[in-house]
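Engineer: The structure that follows is given in the form of structure tokens.
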Amino acid sequence: MATNRTFTMIKPDAVQNGHIGNILAMITNGGFKIVSLKLTQLTVADAQAFYAVHAARPFYGELVEFMSRGPIVAAILEKENAVEDFRTLIGATNPAEAAEGTIRKAYATSIGENAVHGSDSDENAAIEGAFHFAGREQF
Ligand code: DAT
Ligand code: MG
């Protein structure tokens, strides 16, 4: 499998609860190299645009409010089979269904406030990475 990239955010709940360091440790211990990293905050418009694919879902308003309510950590990660392996590392969307050893099992508090984002395809990883990082910020 070719070395490739995925995009992640440590969401406002996990930042607020003091889990940045532990989550970054799980990511690097999982074999991912950090190629971009920043503490930032989404505006409401940013969150609406980032999650536009979910605009018709009943939880969209709540999701946008949550994702814009406080700082996040945005990062681009590199590893062989990055997208799929990172989805495995974060676990199921609903922490009640997340496997032992996953980031969401350890740190998510609910299906809506689930600690981390992981891209779902190589194409979306590139789009989401470019949403947050200029080319000169991608090492
Ligand atoms: P994932 O983040 O695992 O890719 P998703 O893309 O289906 O999940 O949804 C994006 C986010 O929306 C998810 O991380 C949390 C929120 N969400 C999804 N399903 C939800 C639900 N049934 N109730 C509340 N929030 C939900
Ligand atoms: Mg998703």
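Here, each number is a calculation from the coordinates, and none is a lab measurement. In this text the structure is predicted, and so the values were computed from the model without any measurement. When we count neighbours, we look across all protein chains shown, and the Cβ atoms used for this are built from the backbone with ideal geometry, even at glycine.
Engineer: Comparing ALA56, ALA45, ALA98, which has the greatest mean-square fluctuation in the GNM of the chain with Cα pairs linked when under 10 Å apart?
Structural biologist: Per the Cα network of the chain with a 10 Å cutoff, ALA56 tops the list.
Engineer: Could I ask something else about it? Which order results if GLU113, GLU100, GLU80 are arranged by neighbouring Cβ count within 10 Å, fewest first?
Structural biologist: Values: GLU113 20, GLU100 7, GLU80 11.
By the 10 Å Cβ count, ascending: GLU100, GLU80, GLU113.
Engineer: Label points 7 Å out from Cα along the Cβ direction at ARG57 and ALA99: separation in nm?
Structural biologist: Placing both labels 7 Å beyond Cα along the Cβ direction yields 2.2 nm.
Engineer: List the lysines whose Cα sits under 17 Å from the Cα of LYS38, skipping any in the same chain fewer than 8 residues away.
Structural biologist: LYS11
Engineer: Taking neighbour counts of Cβ atoms within 10 Å as a proxy for exposure, in what order, fewest first, do VAL116, VAL73 appear? Let's see the in-between values first.
Structural biologist: Working: VAL116 25, VAL73 19.
With the sparsest Cβ surroundings first, the list reads VAL73, VAL116.
Engineer: Right, another one. On a C-alpha basis, how far is the centre of segment 83-139 from the centre of segment 31-48 in Å? Whole number, if you could?
Structural biologist: 11 Å
Engineer: Something else about it: Under the definition of Cα pairs under 8 Å and six or more residues apart, what whole-number percent is the relative contact order of the chain?
Structural biologist: Relative contact order of the chain: 37 percent.
Engineer: Please give the calculated 222 nm ellipticity per residue for the chain, where each DSSP H segment of at least 4 residues contributes -39500 (n - 2.57) and the sum is spread over every residue; nearest 500 deg cm²/dmol?
Structural biologist: Per the formula, -10500 deg cm²/dmol.
Engineer: Report the local net charge at GLU78: Lys and Arg +1, Asp and Glu -1, summed over other residues whose C-beta lies under 15 Å from its C-beta.
Structural biologist: Numbers: positive: ARG5, LYS33, LYS79; negative: GLU80, GLU84, ASP85, ASP122, GLU128, GLU137.
Value of the local net charge: -3.
Engineer: Also: Mind listing the long-range amide H neighbours of ASN4? Cut-off is under 5 Å, sequence gap 5 or more, other chains count too, H placed in the peptide plane at 1.01 Å from N.
Structural biologist: Here LYS79, GLU80, ASN81, ALA82 satisfy the definition.
Engineer: With Cβ to Cβ distances under 14 Å as the rule, what net charge do the other residues near LEU63 carry (K, R +1; D, E -1)?
Structural biologist: That sum, taken over residues with Cβ under 14 Å, equals -2.
Engineer: Then there's this: Tally Lys and Arg at +1 and Asp and Glu at -1 over the other residues with C-beta under 13 Å from the C-beta of ALA52: what net charge comes out? Numbers along the way, then the final one.
Structural biologist: Numbers: positive: ARG57; negative: ASP46, GLU128.
Local net charge: -1.
Engineer: Taking only the Cα atoms of the chain, how large is their convex hull per residue, in Å³?
Structural biologist: Cα convex hull per residue, to the nearest whole number: 103 Å³.
Engineer: Same structure, new question: Suppose the chain between THR40 and PHE131 were pulled fully straight at 0.36 nm per residue; how much longer would it get relative to their current alpha carbon spacing?
Structural biologist: Details: separation 91, 0.36 × 91 = 32.76 nm, distance 1.23 nm.
Here the answer is 31.5 nm.
Engineer: Using per-residue counts of other Cβ atoms within 10 Å, averaged over each peptide, order 8-17, 122-131 from highest down. Don't skip to the answer; put the middle values down first.
Structural biologist: Numbers: 8-17: 21.2, 122-131: 16.4.
Ranked by mean Cβ neighbours within 10 Å, highest first: 8-17, 122-131.
Engineer: Tell me which of THR8, PRO71, PHE86 sits at the most positive position along the dipole axis of the chain, charges placed on C-beta atoms (Lys, Arg +1; Asp, Glu -1).
Structural biologist: Positive-most Cα among the choices belongs to PRO71.
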